[in-house]
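The values are calculated or read from the model by the stated rules, or taken from the named source; none is laboratory data. Values in this document were obtained by computation on a predicted structure and should not be read as measured data. Neighbour counts are summed over all protein chains in view; Cβ atoms, including those assigned to glycine, are modelled from backbone coordinates with ideal geometry. Accessible surface is based on the protein model in full, side chains and every heavy atom, while ligands, DNA and RNA are left aside. Shrake-Rupley method; radii C 1.70, N 1.55, O 1.52, S 1.80 Å.
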Amino acid sequence: MLKVISRQILVLILSFLGITLLFFTLTQLTPDDSNVVWQGHVRSADSALAQKAIELGVDDSYVYQYINYLRNILSGDFGLSITSNRPVLSEFLNFIPATLELGFFATLIALILGIPAGVAAATNKNTWVDSLIMTVTLIGYSIPVFWWGMLLIFVFSLFLDITPVAGRISFIFDIDKVTGFMLVDSLLAYPKYQLAAFFDALKHLILPSIVLATLPLAVIARMTRSAMLEVLASEYILTAKAKGLSRFRIIWVHGLRNALIPIITVIGLQSSILLTGAVLTETIFAWPGIGKWMVEAIYRQDYPSIQGGILLISSIVILINISIDLLYAFINPRLRKPV
Amino acid sequence: MNEIKLYQETHIPGPWEEFWYQYKQHKAAMVGLVCLLIIVLLAFIGPMLIEHDPTVQFSESLLIPPAWEDGGSRMFLLGTDDLGRDMLSRVAYGSRLTLGLAVIVVFIATIVGVVLGAMAGISKGPVEFIILRLMDIFLAVPSLLLAILIVAIIGPGLLNTIYAVAIVLVPHFVRIVRAVIREELDKEYVIAAKLDGSSPTRLFLISILPNILPPLVVQITLSFSTAILDIAALGFLGLGAQAPNPEWGTILSQSRDYIQLAPWTVAAPGLAILITVLCINLVGDGLRDALDPRGSQ
Amino acid sequence: MLAVFVLLSLTSCGDDAIMQQAMASTLVYCSEASPETFNPQTTTSGSTFDASARPLYNRLVEFKPGTLEVLPSLAKTWKVNSKGTVYTFELRKNVHFHTTPWFSPTRPFNADDVIFSFNRQRRSQDPFHVSSQQDFPYFETQGLNDLIVDIKKLDNYRVQFKLSKTTSPFLSILAMEFASILSAEYAEQLLEKNAIDNLSSKPIGTGPFKLKRYQPDAFIRYEAHEHYWKTKEKLKHLVFAITPDPYLRFARLTAGECDVMSNPLPVHLSALAKEDDLNILSTPGLNIAYWAFNTRKPPLDNPLVRKALSHAVNREAIIKAVYRGSAEIAKNPIPPGMWSYNHSIEDHEYDPQYARNLLYRAGYPDGFSLDIWAFSEQRSYNPNSRKTAELIQQDLRKIGLTVKIVNLELATLLKKVRQGEHKTALLGWVADNGDPDNFLGTLLSCEATKSGQNSSFWCNEEFDSIIKDARSIHSKRQRTKLYKRAQSIFKKEAPWMTLAHTRQTLILRDRVKNLVMSPAGGVSFSKVELAEAKQEETN
């Protein structure tokens, strides 16, 4: 167990070094004055250091600059955003709750619909149920996210007028930003709006989370199907059948529990897919999360935000991967070793 | 001359024959294959059959609906966009552009991925370590963000889209190739070849490469659909192919303004992407099952 | 899908009365861009002025709503000496600044605030100027650095401006957004705390609304200023829903998520017939869309080439496809609604053959390659700059030029244009006051090449001296004569291809009353009311 953790932490550190090095190299490639362009401003502390560096004759040393850059990042200083003139880290923290909220609901939808769909397809293998589920998931796999989003807006918001067009909550509500999670914050505004704001926020979540859930749902359903098929063919299931256990118990208790192990790995991998999808989903639905923030930063050539944003996002992805690995080791008895 | 069969011959299918036999079993995959062939064919000859140039603007015919709707014209089967350009022609030329780009992207990614993967797989130690960690880093950044980042640095445009999407695809190839090589290296026939004194290059070409092919082919098809989706996404965000290139994603980003008034300008390119990617994925599914009989049983 | 319906049925449990009440007191305006700042001194962008100068601040004098007539505002009265070089303003008393969580004023508005607001922009040694590390683009391009010699506080409620020369548009200049009055007391507090940047993020003004909350790229929320010196606003809450995508803006409007929509696409107007609770508000705008040629970059330094480009473009097709008829072709750099507009100018007609001749004469028989910079957002003067560029690209191909389109976000584009990095760029301008100098002087004078506001970097001595002369005369007749001459020089030299003058349009819901558009562009929600909501079922 300890070995798994330490190996993962090594991966994290190396990846962190690698990503920062990558960015640092990129700063050297950009034609403009890299310090200003990538860090948004020249810090006074830096210039004092730079002065010292000149005295020591290491002004041009990339190593020195890289260490300096690393030190800034490790102290949480990603520079200032060019557009808002605010620290990149606080911008990131400002936008991340919206993405997490959306991602959470999307994952929820993907799991609640994906796993049963996969189980249903596996237990009804080669019937119309299986074909239907496989076809639908294949479409979900193939549909361009941005087009899917536009289609849903067109049908449900513009044509049928049952869901809001975009955004996190109606503009008529004045919600104090406490946690950044709209569902929580709108509940905290209960004295003012009772539940009206909360339900409004919930309504705004429907379409974007469906769009964002589509691809992971397809992946999870297909993964569940193949994992279930493998499990159902194994001997202990046959034993269970022979023992006369109910079909329901066999499938949902004995079968699924063992099929879950590979499924969890897949869910872990979804964090990266989800964030990719979030870029497009948030753009379509004017959802003020990190995906939209990144796209805007690129349109505005706000390099400090791009750099800080990507670094933070990849750190999150790595951390999620690590926790999934830990979880995997925890639930998979085969990986546990006698102490 | 008649060949006289003296013996009751049992025909043992070769690997390709076997593969084709397996693939044919898969009905959906056959549909996908046929559909994909039609799309490729259309991309090649389609533009020749269409009378309008995709960039010519008929300033008298702006936002004409498709021919089967009220106000449609037989001149423009799928209607026109807001500059009076023929949608059918734009989508048809777009297929050439999108498919062509995707082929180039996947080609580059495959070559680079296989070379790096082989290097990582055959040589142990620092080379492997560096390559793998590098790929880890690339995998840690969500793919579209990575592509966007690359485009942000080198600037938008057709060529840069190719680099960006190819770089995103490389790590998957590296991982697969390395994994297969590792598996094969431990097998006895390879050890035997090694003991016979095969050079690493020879070992790779003769013993290992044939075993990589099946998973590689599957990965190539998967990458092909990813490439199309990513190219379109970049185009949609305004960071990929630039107007007036009729790249599907680029068309979509431009026609988004007219979704309420001219839904056909949004429907046509979107459907084109969906159908193409769907067919490729069908073929990919079929290939996987046919190449990996274990999964299909 | 099932989940969707469960959720939808749940929503009916939400208290409708609360929704209705919140709706009745809140006006939502779907605006096209995030403001760059809430300090109108440091910007030139119209959408920033909409979000800052108009709701949050007042000026010494202001335009009468819907016109460009100058009326008293924070200055009750003023006197001008006979030479027109000394202005003495009598200030209004009992004007209160906003009280917000970040500032509580201890005194009402007085002369110190006026002096602070101008000196900050004027004097480079002023501590507030130094600390801001920002430019004051308008102040500079209006030439106020040279014009204003001194600003004196006579007593707490009297301020005197001394000018270096007679400048007839001076009062109109003071009515412009950049001349908004900020709180000196607040600035001092910020300077002490070393947080002067808050002037742009946590604004304090005397205007009808105060800032409540701002989420960049999402919304701005204002509240009525409870101690406003004019009659109190009927509107309690004002929200700017920042929606850069025009289709989304229109969708939000039709879905009832906002009450007013800025810059509708021309194509939206034609779809309005179907919606009976929406109205169009439209006036001829005092604006121009133009294609600027950087005259410092060959071959664009050659007037023949510039003329050739102007003749090569079919502007009628652009008006039709991009503006969908809601604009007219521009032939002069100032709009026809402005005095001194020269009707006798002959326009550069669309004539590709002639354009090719001109290129031949200029020594480019084989053409050359060119960049067009376009911006990705929509602006009142150009609903789709990318499309415009595509149309131009196609036209130029006919005369043998290869054109590359570069798409940038407007703020980035403007920054680069000011540094002269472009070859050609699609730009536009909306009047800030009714004076022709606001176009000819601000955009085409030699002085404006320094700040880069003159995006052609075109500096013509004759033109420049006419503009300078016209500025120093009071007689409108004589000025008209001079400006007409300036326009004919402009046409001969063709530093821009003048593209279009658009109509200013807003779409609003029925319940919005008393919204008046300024001919100078921009939206102000002062005095706007919301009619009682009809009792209709909203899901």
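Most tightly packed first, judged by the mean number of other beta-carbon atoms within 10 Å of their residues, the peptides A:141-152, B:23-34, A:99-110, B:185-196 read A:141-152, A:99-110, B:23-34, B:185-196.
With solvent modelled as a 1.4 Å probe, how much accessible area in total do chains A and B shield from it at their shared surface, in Å² to the nearest 100? Summing both sides, the interface buries roughly 3500 Å². For the peptide C:242-248, the mean number of other protein chain Cβ atoms found within 10 angstrom of a residue's Cβ is 6. Using a Förster distance of 45 angstrom, determine the FRET efficiency expected from the C-beta separation of B:Tyr163 and C:Asn94, and round it to 0.05. So the FRET efficiency works out to roughly 0.10. Computed over protein heavy atoms with a 1.4 Å probe, the accessible surface of segment C:204-294 works out to 30 Å² per residue. Positive contributions from Lys and Arg (+1) and negative ones from Asp and Glu (-1), summed over other residues with Cβ under 14 Å from the Cβ of A:Thr99, come out at -3.
A crude spin-label estimate for the pair B:Asp53 and C:Thr402, with each label 7 Å from Cα along the Cβ direction, gives 1.6 nm.
Normalised by the number of residues in segment A:88-336, the mean separation of alpha-carbon contacts (under 8 Å, six or more apart) gives a relative contact order of 28 percent. Residues of segment B:131-154 that bury at least 50 Å² of accessible area once all protein chains are present, compared with their chain alone (1.4 Å probe, heavy atoms only, ligands and nucleic acids left out), are B:Ile137, B:Ala140, B:Pro142, B:Leu144, B:Leu145, B:Leu149, B:Ala152, B:Ile153. Measuring between alpha carbons in the structure, the pairs from C:Lys307/C:Lys468; A:Lys292/C:Lys212; C:Lys76/C:Lys230; C:Lys202/C:Lys415; A:Lys177/C:Lys234; C:Lys416/C:Lys492 lying more than 18 angstrom apart are C:Lys307/C:Lys468; A:Lys292/C:Lys212; C:Lys202/C:Lys415; A:Lys177/C:Lys234; C:Lys416/C:Lys492.
Report the accessible surface area buried between chains B and C, summing both sides, using a 1.4 Å probe on protein heavy atoms only, in Å² rounded to the nearest 100. In total, chains B and C hide about 2000 Å² from solvent.
Using a 1.4 Å probe over protein heavy atoms, the accessible area lost on pairing C with A, summed over both chains, comes to approximately 3500 Å². Please work out the FRET efficiency for the pair C:Lys476 and C:Gln20, using the Cβ-Cβ distance as r and a Förster radius of 45 Å; give the result to the nearest 0.05. After rounding to 0.05, the efficiency reads 0.30. Heavy atoms only, probe 1.4 Å: what % of the accessible area of segment A:221-339 goes to carbon and sulfur, would you let me know? C and S atoms contribute 65 percent here.
Couplings for segment C:330-337, taken from phi via the Karplus curve 6.51 cos²θ - 1.76 cosθ + 1.60 with θ = phi - 60°, read 9, 10, 10, x, 10, x, x, x Hz in order; Gly and Pro are left as x.
Straight Cα distances below 22 angstrom link B:Lys187 to the lysines B:Lys124, with same-chain residues fewer than 8 positions distant left out. Using a cutoff of 8 angstrom between alpha carbon atoms and counting only pairs six or more residues apart, the relative contact order for segment C:287-502 works out to 36 percent. Convex hull volume per residue, computed on the Cα atoms of the protein assembly as shown, equals 240 Å³. For segment A:123-155, heavy-atom accessible area (probe 1.4 Å) falls by no less than 30 Å² from the chain alone to the full protein assembly at A:Leu138, A:Ile139, A:Tyr141, A:Ser142, A:Pro144, A:Phe146, A:Trp147, A:Met150, A:Phe154. Per-residue surface analysis assigns C:Ile151 an accessible area of about 10 Å², computed on protein heavy atoms at 1.4 Å probe radius. Distances between placed amide hydrogens fall under 5 Å for C:Ser168 paired with C:Ile473, all partners being 5 or more residues away or on another chain. Per residue, the accessible area of segment B:103-292 comes to 36 Å² when a 1.4 Å probe rolls over the protein heavy atoms. Averaged over the residues of C:18-26, the number of partner chain Cβ atoms lying within 10 Å of the residue Cβ comes to 5. Note on segment C:385-539: with neighbouring protein chains present and a 1.4 Å probe, carbon and sulfur make up 48 percent of its accessible heavy-atom surface.
Close amide-amide hydrogen proximity is noted between C:Ser262 and C:Cys30, each under 5 Å apart and 5 or more residues distant or on a separate chain (H modeled in the peptide plane; Pro and chain starts excluded).
In segment C:295-453, inverting the average of 1/r over every pair of distinct C-alpha atoms gives 16.7 Å as the Kirkwood radius.
Inter-chain neighbour count for C:214-221: the average number of beta-carbon atoms from partner chains within 10 Å of each residue's beta-carbon is 5.
In chain C, the DSSP-assigned H stretches of four residues or longer account for a calculated mean residue ellipticity at 222 nm of -9000 deg cm²/dmol, using -39500 (n - 2.57) per stretch and the full residue count as denominator. Peptides B:231-238, B:126-133 ranked from most to least packed, by the mean per-residue count of other Cβ atoms within 10 Å: B:231-238, B:126-133.
Interface residues of segment A:248-286, defined as those with an accessible-area decrease of at least 40 Å² between the chain by itself and the complete set of protein chains (probe 1.4 Å), are A:Thr276, A:Val279, A:Leu280, A:Thr283, A:Ile284.
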